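Undergrad: The structure that follows is given in the form of structure tokens.
The values are calculated or read from the model by the stated rules, or taken from the named source; none is laboratory data. Quick caveat, the model's predicted, so the values are computed rather than measured. Cβ sites come from the backbone with ideal geometry, for glycine too, and all protein chains shown count toward neighbours. Just the protein is used for accessible areas: all its heavy atoms, side chains included, with ligands, DNA and RNA removed. Shrake-Rupley method; radii C 1.70, N 1.55, O 1.52, S 1.80 Å.
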Amino acid sequence: MVTEITIPKLGLTMEEAKLVKWSFDTGRTVAAKQMVALIETDKVSFEIVSPVKGLVYPVVPAGTTVLVAQIIGYIAADEAELAILQKEHPVDAGVIVEHSEDKPGDKLDKTASTATDTSGSKVGERIIASPLARRMAKTHDLDLAKISGTGPGGRIVEADIQQALSAPAQEPAPTSKAPAMEESEFALTVAEEIPIQGIRKVIFQNMHLSLNTQAQLTLQTEASAKGMQDFRNRINKILDSDKTKISYNAIIIKAVALALRQHPKVNSSVDGEMIKVWKQIHVGAAMDVGKGLIVPKIRNADTKSIMTIAKEMDQLVDKAKQNALSLDELQSGTFTITNLGAWGIDHFTPIVNFPESAILGLGRIVEKPWVKNSEVVVEPRIALSLTFDHRIIDGAPGAMFLKTLTRMIEEPLLML
């Protein structure tokens with residue numbers, strides 16, 4: 001029985017996605033629950049897995065923008081079903097399925113290519129090469145006509161490109177003319193080209209919108225972290241070993257949410273000529289798990305306990321690592337925190353996560369000498385940087401919000 005591969009709806013507002021790549025070519029066997037394709041929205045990457053075991057038949061090429069519920073391929077139960085699919089849903093001969101890496105048995109890239117170098121032995125012949133080999137050759141400016149393929153049928157594969165790159169360069173033939181001036185030490189050469197697309201494109205656009213449309217101001221201060229440290233240590237000490245441990249971020253998210261309740265104008269956005277102050281308090285936590293900056297949200301953080309926030313944070317981190325975050329978990333935030341303490345950063349200037357109106361930057365917790373009750377003591381301090389849209393939040397209200405937040409961090413019992 002033929003099984004359809006369709007584009008899932010990952011969020012209430014999702015309408016389309018980009019088909020980034022297929023993991024298998026036509027006729028390759030895929031196991032149930034194995035990734036068969038990767039799609040990307042403007043918020044998240046998502047791995048589509050095969051619901052059944054069978055033979056893959058892609059009908060939409062990688063790089064195509066696809067709609068929710070659109071059929072992009074099929075899983076055939078056997079060769080007979082695959083033959084029927086190929087007859088009923090023919091794929092253009094020019095369609096090339098892009099892969100992240102070469103695999104034995106990958107479909108040959110039979111796109112005709114004519115070498116321009118008359119010294120090449122393959123001039124006028126069809127060059128057979130894998131998609132990865134073609135990309136590598138283009139990146140390193142290699143002529144495929146001069147490379148011998150060791151793959152099936154003389155196909156040029158990754159190993160052949162690597163061999164060509166490692167081969168010693170031939171000395172140029174001597175000429176009677178004086179050598180031209182070397183420009184290599186002055187010229188810039190590209191080490192890598194990274195397309196601005198997917199999540200990086202969204203960050204690119206949002207940061208531009210944020211700085212281009214808002215009058216941003218940053219206030220910086222420090223708070224004693226001793227009360228927060230003691231509070232966290234006491235709770236984690238009495239928790240069972242199988243319980244989620246409380247993190248500093250969970251405590252600060254709760255403190256931020258309660259401070260926003262006291263200073264609602266900070267929990268707002270600009271919509272045209274209107275300032276919209278939100279009833280809900282959805283705090284986003286910026287994180288980077290190696291796939292671009294994402295900001296999953298803790299919904300209604302002001303109504304949740306610190307323990308619940310800690311559990312939700314752990315779940316969101318796990319989902320982020322597995323590319324399993326839904327669009328609904330990434331959008332409609334009202335305030336963001338970003339923590340660079342793990343990288344040894346103290347104060348910095350965070351950029352507001354558009355269309356929100358404020359963001360809190362957290363620095364590292366570090367022991368410092370501090371004057372307390374006319375005496376110099378050593379205590380842990382945490383740096384706080386609040387950036388906000390000065391068009392709708394004046395300096396004094398921003399400072400008052402930061403002061404309320406500082407008091408809660410220094411004395412977490414105020415949150416109970």
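Undergrad: Enter the mean projected area of the convex hull around the alpha-carbon atoms of segment 354-416, in nm², rounded to one decimal.
TA: That works out to 5.9 nm².
Undergrad: According to a simple spin-label model (label point 7 Å from Cα along Cα-to-Cβ), what is the distance in nm between Phe204 and Asp394?
TA: Taking the two extended label points, one gets 4.0 nm.
Undergrad: Another question, if that's okay. If you take every residue apart from Leu82 with its C-beta less than 13 Å away from the C-beta of Leu82, what net charge results, scoring Lys and Arg +1 and Asp and Glu -1?
TA: With Lys, Arg at +1 and Asp, Glu at -1, the neighbours total -3.
Undergrad: Quick one: with all protein chains in place, what share of the accessible area of segment 1-79 is carbon or sulfur, to the nearest percent (1.4 Å probe)?
TA: Carbon and sulfur: 55 percent of the exposed surface of segment 1-79.
Undergrad: Sorting check: for 226-239, 371-384, which peptide has the highest mean count of neighbouring beta carbons within 10 Å, and how do the rest follow?
TA: Packing proxy ranking, top to bottom: 226-239, 371-384.
Undergrad: Still on this structure, I have one more. So for segment 249-292, Kirkwood radius off the Cα pairs, Stokes-Einstein at 37 °C and 0.692 mPa s: how many µm² s⁻¹?
TA: It diffuses with D of about 271 µm²/s by this estimate.
Undergrad: Hey, another quick one. Once the Cβ-Cβ distance between Ile194 and Glu4 is put in as r, and R0 is 25 Å, what FRET efficiency do you end up with, to the nearest 0.05?
TA: FRET efficiency, Ile194 to Glu4: 0.15.
Undergrad: Fully extended, how many nm does the chain gain between Ala167 and Leu413 (0.36 nm per residue separation, minus their Cα-Cα distance)?
TA: Taking 0.36 nm per residue and subtracting the Cα distance, the gain is 81.8 nm.
Undergrad: Also: Hey, any idea what % of segment 345-390's accessible area is carbon plus sulfur with a 1.4 Å probe?
TA: Looking at segment 345-390 in its full context, I get 56 percent from C and S.
Undergrad: Can you give me the % of accessible surface on segment 218-302 that is carbon or sulfur? Probe 1.4 Å, all protein chains present, nothing else counted.
TA: Heavy-atom surface of segment 218-302 belonging to carbon and sulfur, 1.4 Å probe: 50 percent.
Undergrad: Report the gain in length on full extension from Thr221 to Ala77: 0.36 nm times residue separation, minus Cα-Cα distance, nm rounded to one decimal.
TA: Separation in residues times 0.36 nm, less the Cα-Cα distance, equals 45.5 nm.
Undergrad: In cubic angstrom, how much convex hull volume per residue do the alpha carbon atoms of segment 257-416 span?
TA: Per-residue hull volume (Cα only) is 131 Å³.
Undergrad: Can you compute the FRET efficiency between Asp271 and Asp328 using 1/(1 + (r/R0)^6), with r the Cβ-Cβ distance and R0 = 30 Å? Round to the nearest 0.05.
TA: Calculated value: 0.90.
Undergrad: GluC sites (Glu not before Pro) within segment 1-80: which are DSSP loop residues with at most 11 other Cβ atoms inside 10 Å?
TA: In loop regions of segment 1-80 (DSSP not H, G, I, E or B), the sparsely surrounded GluC sites (Glu not before Pro) are Glu15.
Undergrad: GluC sites (Glu not before Pro) within segment 250-356: which are DSSP loop residues with at most 15 other Cβ atoms inside 10 Å?
TA: Glu273
Undergrad: Another one. Can you give me the distance in nm between label points at Ser241 and Lys53, each placed 7 Å from the Cα along the Cα-to-Cβ direction?
TA: Each label point is offset 7 Å from its Cα along the Cβ direction, giving 3.9 nm.
Undergrad: Run the numbers for Arg299 and Thr64: contour at 0.36 nm per residue of separation, minus the present Cα-Cα distance, in nm.
TA: 81.3 nm
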